[in-house]
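To start, the structure under review is shown below, and the notes come after it.
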Amino acid sequence: MAAADTHEIIVTNVERDYQMGEVKVHALRGVTLEMKKGEFVAILGQSGSGKTTLLNMIAALDIPTSGSVTIGGIKVSELSRDQRTRFRRQHVGIVFQAFNLFPTLNVRENVEIGIAFDLEADDLHDRASEYLQHVGILDKIDNYPSQLSGGEQQRVALARGLAKESPLLVLDEPTGNLDAETSEEIWALILKMNRETNATIVAVTHQTSVSKIAHRSVFLRSGRIWGISEGSAED
Ligand SMILES: Nc1ncnc2c1ncn2[C@@H]1O[C@H](COP(=O)(O)OP(=O)(O)O)[C@@H](O)[C@H]1O
Ligand SMILES: [Mg+2]
């Protein structure tokens, strides 16, 4: 695992409304949060509490209705769509809640597509293999997504997000489809990634056990932070 430049994240008074016909949904109601360079932050909360909406802000996938988001000194909430696309490409590894695998690409290609373009083909293959090995699915490298179980697809999505070795890694319930044992292995891998590359990591999860390994856990309720706990992460 290569060391990445790392980013601090400053989220200030972020609100995000969704207009649903006549109805306005207040998904985030004023969230302020700072994450240090190399910090591993878990985001917890019930379904509908705004976790994915907040993660989308931190990944520069979406911008707030009001408030601001700054990542590594760049005010991403003021970038254009195109600029945000470029920002994500360079800075952010993303593992989506829905795996978002390309059906016509095999496992290897689905991982390689997330990795930087400046690698030679051999290095690209090596990197993809390395991370497929890490998540325990190297044996399916030539398969297509339709030939994989939900848990296997999730591992491929994880390999893709991690293999980018980006300064910022955001994960949305990355172990939601995995059994308890595999899930524990994956969190251990994410923690290892955090330590070895010093990437800033923000991970949404339902599993309260993740609070033990993260540096901090942020609890959301109805679009607001209602609690933050320091992790017992042993360094
Ligand atoms: N694209 C959208 N359009 C309308 N409402 C949305 C949209 N995305 C999320 N919401 C609503 O915003 C709230 C927060 O959603 P979300 O951030 O997905 O929560 P979580 O990830 O914690 O389950 C929910 O009430 C959800 O229904
Ligand atoms: Mg969600």
Q. Taking into account only those residues within the range 45-76 that are away from ligand 2 (no atom under 11 Å from the Cβ), surrounded by 20 or more Cβ atoms within 10 Å (Cβ to Cβ) and touching a residue at least 24 places away in the same chain (Cβ under 8 Å), which is farthest from residue 19 (Cα to Cα)?
A. 71
Q. Within the range 218-232, which residues are surrounded by fewer than 22 Cβ atoms within 10 Å (Cβ to Cβ) and in contact with a strand residue (DSSP E or B) (Cβ under 8 Å, 6 or more places away or on another chain)?
A. 219, 221, 222, 224, 225, 226, 227, 228, 229, 230, 231
(Q) away from ligand 1 (no atom under 16 Å from the Cβ), among the acidic types (Asp, Glu) and touching a His at 6+ places or on another chain (Cβ under 8 Å): is that true of residue 112 in this structure? (A) yes
Q: Could you please let me know if residue 14 is part of a strand (DSSP E or B) and crowded, with 16+ Cβ neighbours inside 10 Å?
A: yes
Q. Are any residues in the range 145-191 surrounded by 16 or more Cβ atoms within 10 Å (Cβ to Cβ), away from ligand 1 (no atom under 16 Å from the Cβ) and part of a loop (DSSP other than H, G, I, E, B), and if so, which ones?
A. 148, 164, 165, 166, 167, 178
Q.
Considering only residues that are charged (D, E, K, R) and assigned to a helix (DSSP H, G or I), which ones fall in the range 44-62?
A. 51
Q. Restricting the search to the range 24-43, which residues are more than 9 Å from ligand 1 (Cβ to nearest atom) and assigned to a strand (DSSP E or B)?
A. 24, 29, 30, 31, 32, 33, 34, 35, 40, 41, 42
(Q) Condition first: surrounded by 15 or more Cβ atoms within 10 Å (Cβ to Cβ) and of a type in the set (Asp, Glu). Now tell me which residues in the range 98-120 satisfy that. (A) 109, 112
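Read-outs: derived from the displayed coordinates by stated rules, not from any lab. Model, not experiment: these values are computed from the prediction. Neighbour counts are summed over all protein chains in view; Cβ atoms, including those assigned to glycine, are modelled from backbone coordinates with ideal geometry.
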